[in-house]
Structures are given as C-alpha cells and as structure tokens.
1. Going by how many other beta carbons lie within 10 Å of each one, how would you line up L66, L149, fewest first?
2. So, in the chain, how many Lys pairs have Cα atoms under 15 Å apart, if the pair is 8 or more places apart or on different chains?
3. Could you work out how much longer the chain between L53 and Q174 gets when fully extended? Use 0.36 nm per residue separation minus the Cα distance between them, nm to one decimal.
4. Taking a ≥ b ≥ c as the square roots of the eigenvalues of the Cα gyration tensor of the stretch 135-225, is the shape rounded (a/c under 1.5), prolate (a/b larger than b/c) or oblate?
5. Looking at the chain, identify the longest residue range that excludes and avoids all GluC sites (Glu not before Pro) in DSSP loops having at most 10 other Cβ atoms within 10 Å.
6. Over all pairs of distinct alpha carbons, what does the Kirkwood formula give as the hydrodynamic radius of the stretch 23-157, in Å?
7. What's the exposure ranking of F147, F221, F140, going from fewest to most Cβ atoms within 10 Å?
8. Of T8, T54, T210, T137, how do they rank once you tally other Cβ atoms within 10 Å and put the fewest first?
Amino acid sequence: MSKLKVVTIDGPSGVGKSTVSRKVAAGLGWTYLDTGAMYRAVGVQCQRAGIELTDKAALAVLLERLDLQLLPPLHEGDDVRVLLNGEEISAAIRSPEAGMLASQVSAIPAVRAKLTALQQAMGKAGEIVAEGRDTGTFVFPAAAWKFYLDAPPEERCRRRAGQLRAKGQPVDEQALLAQIIERDRNDCERAVAPLRMADDAVLIDAAKLTADEVAEKMLAFIERDLQQ
Ligand code: DC
C-alpha cells in the first residue's frame with residue numbers, strides 16, 4: 001500500500017492534540033481535519049432531536065440527512081467552525097457535555113461508518129493533518145506520518161481546566177477529572193475502532209513538552225521525509 005500524504009495525530013481527550021494539530025497543519029500549509037468536531041456535532045444533533053442512542057432507525061435517518069461542513073476558524077488559533085444543516089454550532093459542540101455525548105455516539109457502528117467515510121473523502125487528495133482517536137488505525141491506515149500523544153489524566157485535567165477558565169467558564173476540577181477518566185474508558189473499551197496507538201505510530205509524551213515543542217518534533221520528522 002503506498003503511503004498517503006497525510007499526518008495523523010491520535011490520543012486521549014485533553015492531551016493537546018488540537019493545538020498541536022493546528023500548529024503542524026499551519027507549519028506545512030496543509031488542511032487541519034478535526035474528526036472529534038464531527039462526533040461532537042452528531043452527539044449534539046442527537047440530543048437536540050431527542051433521539052435515543054438505541055433507536056437505530058431514527059439514527060439511520062439522522063445520519064442519512066447529515067449535512068456537516070467544517071470551515072476554517074475566523075481567527076487564527078481558534079477551533080474549526082462547524083455548520084450542521086446550515087446552522088453554525090461551533091460553540092455548542094465545545095462544552096464538556098458535548099464531549100461526553102460525542103464519546104457516547106462514537107461507540108455506535110453506524111455513526112463511525114458514516115463519519116469515517118466522510119473523513120476519508122475529505123483526505124482523499126492528501127495534504128491534511130487529521131486529529132482524533134482512530135485516524136492512524138482506521139481512517140487513514142496508509143498515512144505517511146502517524147503520531148500518538150499521551151499524558152496522565154491528572155495532567156490532561158489540569159490543562160483542560162486552564163483552557164476552560166481562559167474562556168471564562170467555571171470549572172469543577174474533580175468533576176472534570178471524572179469525565180476525562182470516563183471518556184478514556186468509553187473511547188478505549190468500545191468494540192469499534194477503540195482508541196489505540198497504531199503499530200507504526202511515533203509515541204510522544206505530551207506531559208513533558210509544550211505544544212510548540214511537540215509540533216516542532218512532528219514537523220522535524222515530516223520535513224525530513226519530504227526533503228528526501
Ligand atoms: O477530540 P474530541 O474531544 O473533540 O472528541 C470527542 C469524542 O469523539 C471523543 O471522546 C471520542 C470521539 N472521537 C472518536 O471516537 N473518534 C475520533 N476520531 C474522534 C473523536
């Protein structure tokens with residue numbers, strides 16, 4: 001299988017994947033694909049439509065009609081913008097609750113099949129930096145550069161709390177840590193495409209490095225290969 005001109009960055013929630021992915025995409029001049037935003041959008045849409053996650057027929061209709069667009073942020077360093085059926089839901093998908101909903105819908109095989117196919121279509125032309133839980137293992141197994149970022153839950157909680165506070169949101173650190181641990185469990189234990197490091201991924205300990213240092217490390221790997 002020939003390698004795709006794609007970078008994958010996977011790892012648990014709160015490890016700093018988004019910041020690093022944005023920096024790597026900017027450094028290469030490639031497109032950043034935030035796959036988590038897509039799971040968040042489906043989770044929020046299920047909740048808004050009052051769909052029980054066990055109701056396969058209703059979910060199938062929702063997925064069939066799903067009109068999801070990812071747009072570049074208005075300001076550098078912001079999250080990608082997400083339009084669902086034409087409505088901007090960029091802020092609604094970023095709450096910790098939306099993260100939990102995303103984690104729940106992401107265990108449903110029909111949801112994964114739909115979003116994986118959309119992601120593969122978005123990455124077909126290459127030159128993308130895909131971030132998520134399964135981008136190196138399932139979405140782009142032929143990606144040329146795969147990275148796995150890891151850090152202990154307490155460190156991830158500390159960072160996420162800082163980000164939420166910086167946005168002016170109140171934080172209950174104990175509840176946040178419990179949520180991170182629960183999402184880790186959901187994401188690692190689900191039957192389809194669980195969170196796992198690809199055999200050919202490079203492991204990076206995010207606890208010991210700043211986002212800039214992690215991005216520089218990744219860019220050094222990629223640029224060395226691109227120059228050969
Ligand atoms: O990266 P994030 O926090 O935005 O992701 C939200 C949830 O979506 C995460 O808990 C699990 C799920 N997800 C997934 O299952 N596969 C992906 N490729 C990306 C996210």
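1. Starting with the residue having the fewest Cβ neighbours, the order is L66, L149.
2. Close lysine pairs under the 15 Å cut-off: 11.
3. 40.8 nm
4. Since a/c reaches 1.5 but b/c is at least a/b, the shape of the stretch 135-225 is classed as oblate.
5. Answer from the scan: 77-228.
6. For the stretch 23-157, the Kirkwood estimate is 15.8 Å.
7. Fewest-to-most Cβ neighbours within 10 Å comes out as F221, F140, F147.
8. Fewest-to-most Cβ neighbours within 10 Å comes out as T54, T210, T137, T8.
No lab work stands behind these numbers, since they all come straight from the coordinates. For clarity, every value in this text was computed on a predicted model and none was experimentally measured. FYI the Cβ positions are ideal-geometry reconstructions off the backbone, even for glycines, and counts take in every protein chain you see.
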